[in-house]
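What follows is one structure encoded as structure tokens, with my remarks underneath.
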Amino acid sequence: MKIPIYQIDAFTSKIFSGNPAAVCPLEHWLEDHQMQSIAAENNLSETAFFVKKDDYYELRWFTPTTEVELCGHATLASAFVIFNYLDRSAESVTFETNKSGTLIVRCEDTLLSMDFPARKPISCDTPGVLVQALGENPQEVLSSRDYLIVFDTEDIVRSLKPDMILLKQLDSLGIIVTAVGKNSDFVSRFFAPKVGIPEDPVTGSAHCTLIPYWSEKLGKKKLHAFQVSSRGGELFCEDLGERVKIAGNAVRYSEGFLYL
């Protein structure tokens, strides 16, 4: 079996930055264990698989160790492949997902813009292991799908060197750390060792939580964000209430075939 595969750097306009995702367009769905094995072999934070159905695409995402219910950068990468290789005339693409419903990606000027569900975080108790794992006292701790940890400064967020073994003990998929940005509205980093991702370079799904939080804190609907991992990524965001808009660039790194 011969399967196309693309590697796309998302939330960046230049290779070797942003978040790399593998994208595999399929004619029909593979067995779950095959897709999981491909994702493990790729060893990227996410591998996306999609199948065309009438006027939409079914979409799924896998980390090297598990399937996840929502992934931003691999959705952006999948739309990039469709717009640039499979349907050059399209101005939008609709994805249907099992656990996150309908996701629409549109071409807006030079950006790809995603319509995602908002995940407004709520205040919660600070898990005892959290401060120990991060090595810094947070200003605020909240939760949605992930823990949202707010710090006083961008410098603290950049300097964190978390203990991944301790972070695995937390009862959430991931840990978002954030602060007001020096050259943007806010910055963040994202850690998810529980699902095989020690640090994700740029995390679209984390911004489903970050956008409503910072929109309320800063009193503005449109927000400019940087994820300050070593690769780094830039996101253009908007709070739409029950939904959020997450936009960014993407660029091709490689294309080829898998042989199963």
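The values are calculated or read from the model by the stated rules, or taken from the named source; none is laboratory data. Computed from a predicted structure; not experimentally measured. All Cβ positions, even for glycine, are placed from backbone atoms using ideal geometry, and neighbour counts span all protein chains on display.
Looking only at the stretch 54-77, filter to residues that are assigned to a loop (DSSP other than H, G, I, E, B) and polar (S, T, N, Q); which one of those is farthest from A118 (Cα to Cα)?
Only one residue fits best here, namely T65.
Write out, first by first residue and then by second, each pair whose Cβ atoms fall under 9 Å of each other, whose residues are 6+ apart or on separate chains, and whose first residue, in the stretch 84-113, is at positive phi and not assigned by TED's automatic domain parsing to the domain that holds R145 while the second is in a loop (DSSP other than H, G, I, E, B) and not charged (D, E, K, R).
none
Kindly indicate whether any position in the stretch 59-77 is more than 30 Å from P212 (Cβ to Cβ) and exposed (fewer than 14 other Cβ atoms within 10 Å of the Cβ).
no
So which residues in the stretch 13-37 are buried (at least 19 other Cβ atoms within 10 Å of the Cβ) and in contact with a Pro (Cβ under 9 Å, 6 or more places away or on another chain)?
S17, G18, N19, P20, V23, C24, P25
What's the total number of residues in the stretch 92-121 that are at pLDDT 95 or above and assigned to a loop (DSSP other than H, G, I, E, B)?
4
Look through T75, T65 and report the one residue that is closer than 26 Å to F236 by Cβ and either among the charged types (D, E, K, R) or in the same structural domain as E108 (by TED's automatic domain parsing) (or both).
After ruling out the rest, the residue left standing is T75.
Yes/no per residue for (1) closer than 29 Å to R60 by Cβ; (2) of a type in the set (S, T, Y):
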| site | (1), (2) |
| --- | --- |
| V180 | no, no |
| R189 | yes, no |
| G196 | yes, no |
| H207 | yes, no |
| S230 | yes, yes |
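So is S144 within 23 Å of I8 (Cβ to Cβ), among the polar types (S, T, N, Q) and touching a helix residue (DSSP H, G or I) at 6+ places or on another chain (Cβ under 9 Å) or not?
In short, no.
Test D32 against the stated conditions and say whether it is of a type in the set (D, E), without any contact (Cβ under 8 Å) to a residue 40 or more places away in the chain and assigned by TED's automatic domain parsing to the domain that holds E96.
yes
Residue-wise test of (1) of a type in the set (A, V, I, L, M, F, W, C); (2) farther than 23 Å from S159 by Cα.
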residue	(1), (2)
C208	yes, yes
P212	no, yes
E216	no, yes
G219	no, yes
H224	no, no
S229	no, no
E238	no, yes
R243	no, yes
G248	no, yes
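Restricting attention to the stretch 122-144, and to residues there that are assigned to a loop (DSSP other than H, G, I, E, B) and of a type in the set (S, T, Y), which single residue is nearest to the chain's Cα centre (by Cα)?
S144
Can you confirm whether A40 is among the aliphatic types (A, V, I, L, M), part of a loop (DSSP other than H, G, I, E, B) and surrounded by fewer than 17 Cβ atoms within 10 Å (Cβ to Cβ)?
no
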